[in-house]
Amino acid sequence: MKALVLEEKGKLSLREFDIPGALGPKDVRIKTHTVGICGSDVHYYTHGKIGHFIVNAPMVLGHEAAGTVIETGVDVTHLKPGDRVCMEPGIPDPTSRAAKLGIYNVDPAVTFWATPPIHGCLTPEVIHPAAFTYKLPENVSFAEGAMVEPFAIGMQAALRARIQPGDVAVVTGAGPIGMMVALAALAGGCARVIVADLAQPKLDIIGAYDGIETVNIRNRPLAEAVAEATDGWGADIVFECSGAAPAILGMAAHARPGGAIVLVGMPVDPVPVDIVALQAKELRVETVFRYANVYDRAIALIASGKVDLKPLISASIPFADSIAGFDRAVEARDTDVKLQIVMPE
Ligand code: ZN
């Protein structure tokens, strides 16, 4: 079967590649339909590693996927051939202590698509555990189904934040994840969400949603905008989604006394943090690593119409043009939000 293979840093090929594996009793075989290109896929392409995850051997990319079930293992009861589904890419050991605690995203044994050495799903067929495969409602498209994975991170952040109705939130960083966080925060009950970034095209896209205000920090200090929006009190929640050191150093200043900071963005290098600035307001600090137990909620919000992810899809690229799609993802970082690859029929 053809697959999009990252041979090594900077070198992609679309070639025959067989991902080893057989359909187990609790698995489903899925014909992939749509696969989103994630920042992590692009980072592996351009850098060959993320932290201690290093691409040492050819690896199939892609982990944001939707498709159609074509075969089910003998023990699978909740899915059948023909079901349209999306797939959760991180699979824990179900007997692990983390899984038993419901925090399977931080199970040390978790395997995750397109995180070395595990192959991803940019290939026409995949085998996946049925327990991590979710049926899409009729009114949710494959394109939206492939957006569930990045939206799940927004959901995890919104849940960790413990939003109260009417909260004011700040989101630093308007990349795809910052946008997902902003939309999940709104759906979770925030009255206002202020999104800050340097890239105006992205701010224009997310600023088109009701309830979201934007600040281009090239033109205006975020502190000033937050002070104006909250009468100098500060935001109830600050979601740090940029991973950029200046934003991390500044985040405590935007929070109200007793508010919360949710760390979503991942800095490439260690960043020093002003602990006293956090203590002086007694801020609650939460961290987010992927997600656990949020897919059903994410799909329900999309199906309800309360969250519309369609405006965030910048382009659909045929599988045959995947490599050009990845090069566009590298170059158009400040204008595109989400590029998706569509598999041949
Ligand atoms: Zn992703």
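The values are calculated or read from the model by the stated rules, or taken from the named source; none is laboratory data. Keep in mind that what you see is a predicted model, and the values were worked out from it rather than measured. In this analysis, Cβ positions are derived from the backbone assuming ideal geometry, glycine residues included, and neighbour counts consider all displayed protein chains.
Take Ile177 and decide whether it is part of a helix (DSSP H, G or I), within 18 Å of Tyr209 (Cα to Cα) and of a type outside the set (Ser, Thr, Tyr). Judged against the criteria, Ile177 is a match. With respect to the stated conditions, Gly82 fails to be under 20 Å from Pro344 (Cα atoms), within 16 Å of the chain's Cα centre (by Cα) and either at pLDDT 95 or above or assigned by TED's automatic domain parsing to the domain that holds Asp27 (or both). Scanning segment 152-163 for residues that are more than 10 Å from the ligand (Cβ to nearest atom) and either buried (at least 24 other Cβ atoms within 10 Å of the Cβ) or closer than 14 Å to Glu88 by Cα (or both) yields Gly154, Met155, Gln156, Ala157, Ala158, Ala161. Screening the candidates Phe319, Phe326 for the property of being in contact with a Lys or Arg (Cβ under 8 Å, 6 or more places away or on another chain) and assigned by TED's automatic domain parsing to the domain that holds Ser141 yields one hit, Phe319.
What do you reckon, is Met155 in contact with a Pro (Cβ under 9 Å, 6 or more places away or on another chain) and of a type in the set (A, V, I, L, M)? No: the conditions fail for Met155. With respect to the conditions (1) within 18 Å of Glu88 (Cβ to Cβ); (2) touching a helix residue (DSSP H, G or I) at 6+ places or on another chain (Cβ under 9 Å), Gly21 lacks only one, and its number is (2). Hey, could you check segment 28-78 for residues that are polar (S, T, N, Q) and within 14 Å of the ligand (Cβ to nearest atom) and say which is nearest to Ala332 (Cα to Cα)? Only one residue tops the list, namely Ser40. Here Pro124, Pro92 are screened, and the one residue that is under 30 Å from Pro270 (Cβ atoms) and either surrounded by fewer than 16 Cβ atoms within 10 Å (Cβ to Cβ) or more than 16 Å from the ligand (Cβ to nearest atom) (or both) is Pro92.
Hey, does segment 60-80 have a residue that's basic (Lys, Arg) and in contact with a Ser or Thr (Cβ under 8 Å, 6 or more places away or on another chain)? The answer is yes; a qualifying residue exists. Residues in segment 294-322 that are over 19 Å from the mean Cα position of the chain (by Cα), surrounded by 15 or more Cβ atoms within 10 Å (Cβ to Cβ) and assigned to a helix (DSSP H, G or I): Phe319, Ser322. The set of residues in segment 237-291 being of a type in the set (Asp, Glu) and more than 21 Å from the chain's Cα centre (by Cα) consists of Asp274, Glu282. Checking each residue in segment 211-251 for being free of Cβ contacts under 8 Å to residues at least 24 places away in the same chain and charged (D, E, K, R) picks out Glu213, Arg218, Arg220, Glu224, Glu228, Asp231. Ala157 passes every criterion in (1) of a type in the set (A, V, I, L, M, F, W, C); (2) closer than 29 Å to Pro221 by Cβ; (3) part of a loop (DSSP other than H, G, I, E, B) apart from (3). Thr46 satisfies every condition listed in (1) surrounded by fewer than 18 Cβ atoms within 10 Å (Cβ to Cβ); (2) among the β-branched types (Val, Ile, Thr); (3) over 30 Å from Gly265 (Cα atoms) except (3). Going by what's in this entry, would Val171 be described as buried (at least 24 other Cβ atoms within 10 Å of the Cβ), away from the ligand (no atom under 16 Å from the Cβ), more than 29 Å from Gly21 (Cβ to Cβ) and touching a residue at least 60 places away in the same chain (Cβ under 8 Å)? Judged against the criteria, Val171 is a match. The helices (runs of 4 or more DSSP H) found entirely in segment 182-254 that carry 1 or more residues being in the same structural domain as Gln279 (by TED's automatic domain parsing) and within 22 Å of Leu278 (Cα to Cα) are 222-229, 245-254.
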